[in-house]
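Below is one structure, written out as structure tokens; the observations come after it.
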Amino acid sequence: MYCSNCGSMMDERQQFCPFCKAPNPAMQQRPQFHGQVPPPPYFYNNMPRYYFDPAEQPPETALVVLSAIIPIAGLIIGCICLGNHENRAGKAYLLAAGISFGVGLLISFMFAFMPLLFLFH
Ligand SMILES: [Zn+2]
């Protein structure tokens, strides 16, 4: 090979040019290249999944609806999500279940006290 600095003939296994003492770029780059091999593209594509924070994962609409229809199911799903550190989704399911349970309780009380209202009028 030829020195990139002075253009004189030199052995590519030499670390420095014997004439101008310029460092051999082939020798310098070789260890760096082996140490930092660029990862294949699929590694970058999969990275967001591995580094995605489960706590910020949005809740699934179908499960929120299920939680609203069946509060007990929402309570169980919410607890499972919180156990998996999916805080945001878990809280959404628990909230849906809580609101549904509260509304259901309110309606139940209304129906329970309605006969009394008619009785006193
Ligand atoms: Zn040289």
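The values are calculated or read from the model by the stated rules, or taken from the named source; none is laboratory data. Keep in mind it's a predicted model, so treat the numbers as computed, not measured. Just the protein is used for accessible areas: all its heavy atoms, side chains included, with ligands, DNA and RNA removed. Shrake-Rupley method; radii C 1.70, N 1.55, O 1.52, S 1.80 Å.
Keeping all protein chains in place, calculate the accessible area per residue for segment 54-120 (probe 1.4 angstrom), answer in Å².
Values: 4720 Å² over 67 residues.
On a per-residue basis, 70 Å².
Over segment 54-120, what portion of Cα pair distances is larger than 14 Å, expressed as a whole percent? Provide the component values of the computation, followed by the final result.
On the way: 1280 of 2211 pairs.
So the portion of pairs separated by more than 14 Å is 58 percent.
So, with a 1.4 angstrom probe, what is the percent of accessible area on segment 54-120 that is carbon and sulfur? Can you show the working numbers first?
Working: 3730 of 4720 Å².
So the carbon and sulfur contribution to the accessible surface is 79 percent.
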